[in-house]
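The values are calculated or read from the model by the stated rules, or taken from the named source; none is laboratory data. Nothing here was measured: the structure is a model prediction, and the numbers come from that model. Every residue, glycine among them, receives a Cβ derived from its backbone with ideal geometry; neighbour counts consider all protein chains shown.
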Amino acid sequence: MPELPEVETVRRGLEPTMVGSVITKVDRKRADLRFRFPGDFDTRIEDHKVIALGRRAKYLLADLESGDVLVMHLGMSGSFRIEAPAGTGAPGVFHHDRSKDPAHDHVTFHLSGGARIVYNDPRRFGFMDIVARKALSAHPFFKDLGIEPLGNALDGALLSQLFAGKRAPLKAALLDQRLIAGLGNIYVCEALHRAGLSPKRLAGTISRKTGMSVRSGLLATCIRAVLEEAVAAGGSSLRDHRQADGALGYFQHSFRVYGREGEPCVKAGCKGYVSRIVQSGRSTFYCSVCQR
């Protein structure tokens with residue numbers, strides 16, 4: 001499933017084409033994806049200008065001038081592509097092949113400038129909704145989401161506070177969307193390795209009653225760093241993910257532990273090897289020598 005850096009990469013790819021354009025028509029080939037589309041989905045979108053394109057956790061949020069928000073989630077295999085006529089300046093040259101099977105092109109947004117935004121999803125685990133902006137924070141998708149991991153809000157003191165007294169494994173606590181919104185399996189593994197913390201360590205052990213601990217401060221720094229580097233690299237391309245211009249992200253070439261089971265640890269001076277264990281049904285990659 002695309003993680004936060006991939007979703008942010010897609011947002012940045014779509015933004016120049018979508019923002020400022022009017023969605024003149026919505027073509028849908030299905031009544032549902034993962035969930036049914038609202039009955040008034042098309043009518044609340046058509047003939048309205050997109051005034052902003054944001055992201056909350058792994059959701060894309062297109063603010064419309066009407067006060068509604070088009071909510072989009074990529075699910076497991078969802079992706080967007082931009083189809084634009086020559087001369088519009090919109091990105092329309094794709095560097096890698098991707099699914100263009102009409103059977104999987106489920107939603108097309110026609111824009112006033114002549115471009116089309118096409119949503120393709122072979123597995124149909126993605127979904128879309130239309131929600132009034134004033135009701136967004138109370139919507140079931142968003143009401144229990146924690147803080148965003150990018151930006152200054154996430155620091156060592158806050159991590160210490162969030163994890164105080166928690167006996168869940170550190171990796172499980174980091175993946176709890178009620179605490180931190182948008183973190184996924186890949187980048188948690190990578191951040192924990194950079195911070196030298198075991199994914200099996202109890203989350204509460206990095207907390208201090210007086211505020212930030214050395215471990216919580218280092219972990220917060222590593223989380224932000226790995227996410228920022230992944231966004232700059234265009235995300236990671238595992239299985240189905242593509243950027244909005246069709247290009248593959250390349251942060252996967254910078255993985256230190258993820259998918260490297262049995263390989264030597266890359267941390268300077270460490271003589272350990274990358275191990276794989278299963279936590280809560282997900283693969284965890286880490287070095288048992290330098291991650292404590």
Could you list, in sequence order, the residues of region 119-138 that are without any contact (Cβ under 8 Å) to a residue 60 or more places away in the chain, within 27 Å of SER21 (Cα to Cα) and either more than 19 Å from the chain's Cα centre (by Cα) or in a loop (DSSP other than H, G, I, E, B) (or both)? ALA135
Flag if PRO122 is more than 30 Å from GLY67 (Cβ to Cβ), out of contact with any Phe, Trp or Tyr (no Cβ under 6 Å at 6 or more places or on another chain) and in the same structural domain as GLY75 (by TED's automatic domain parsing): yes
Inside region 177-227, the number of residues satisfying the requirement of being closer than 25 Å to VAL274 by Cβ, more than 25 Å from the chain's Cα centre (by Cα) and assigned to a strand (DSSP E or B) is 1
State which residue is modelled with the lowest pLDDT when the search covers only region 228-263 and only residues that are in a loop (DSSP other than H, G, I, E, B) and of a type in the set (Ser, Thr, Tyr). SER237
Could you tell me whether any residue of region 30-42 is surrounded by 16 or more Cβ atoms within 10 Å (Cβ to Cβ) and in contact with a helix residue (DSSP H, G or I) (Cβ under 9 Å, 6 or more places away or on another chain)? no
GLY114: passes all of (1) in a loop (DSSP other than H, G, I, E, B); (2) at negative phi but (2)
Quick check on this structure: which one of GLY184, GLY217 is closer than 23 Å to LYS143 by Cα and touching a helix residue (DSSP H, G or I) at 6+ places or on another chain (Cβ under 8 Å)? GLY184
What number of residues within region 134-166 are in contact with a Lys or Arg (Cβ under 8 Å, 6 or more places away or on another chain) and of a type outside the set (Gly, Ala, Ser)? 7
In region 13-31, how many residues are without any contact (Cβ under 8 Å) to a residue 60 or more places away in the chain and closer than 21 Å to GLY78 by Cα? 3
ILE117 vs (1) in contact with a His (Cβ under 9 Å, 6 or more places away or on another chain); (2) surrounded by fewer than 22 Cβ atoms within 10 Å (Cβ to Cβ); (3) of a type outside the set (Lys, Arg): all pass except (2)
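Residue-by-condition table, conditions (1) in contact with a Cys (Cβ under 6 Å, 6 or more places away or on another chain); (2) over 24 Å from SER254 (Cα atoms); (3) touching a residue at least 40 places away in the same chain (Cβ under 8 Å):
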residue: PHE141; (1), (2), (3): no, yes, yes
residue: ALA157; (1), (2), (3): no, yes, yes
residue: GLN161; (1), (2), (3): no, yes, yes
residue: PRO169; (1), (2), (3): no, yes, yes
residue: LEU175; (1), (2), (3): no, no, yes
residue: LEU179; (1), (2), (3): no, yes, no
residue: ASN185; (1), (2), (3): no, no, yes
residue: HIS193; (1), (2), (3): no, no, yes
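Would you be able to say whether some residue in region 30-38 is among the aromatic types (Phe, Trp, Tyr), under 30 Å from ASP176 (Cβ atoms) and not in a strand (DSSP E or B)? Don't jump to the end; show me each part of the working.
Of the residues in region 30-38, the ones among the aromatic types (Phe, Trp, Tyr) are 35, 37.
Keeping just the survivors that are under 30 Å from ASP176 (Cβ atoms) gives 35, 37.
Adding the requirement that they be not in a strand (DSSP E or B) leaves 35, 37.
Scanning region 30-38, I find at least one residue that is among the aromatic types (Phe, Trp, Tyr), under 30 Å from ASP176 (Cβ atoms) and not in a strand (DSSP E or B), so the answer is yes.
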Taking the conditions exactly as written (surrounded by fewer than 20 Cβ atoms within 10 Å (Cβ to Cβ), more than 21 Å from PHE142 (Cβ to Cβ), without any contact (Cβ under 8 Å) to a residue 40 or more places away in the chain and outside the structural domain of LEU175 (by TED's automatic domain parsing)), does GLU46 satisfy them or not? yes
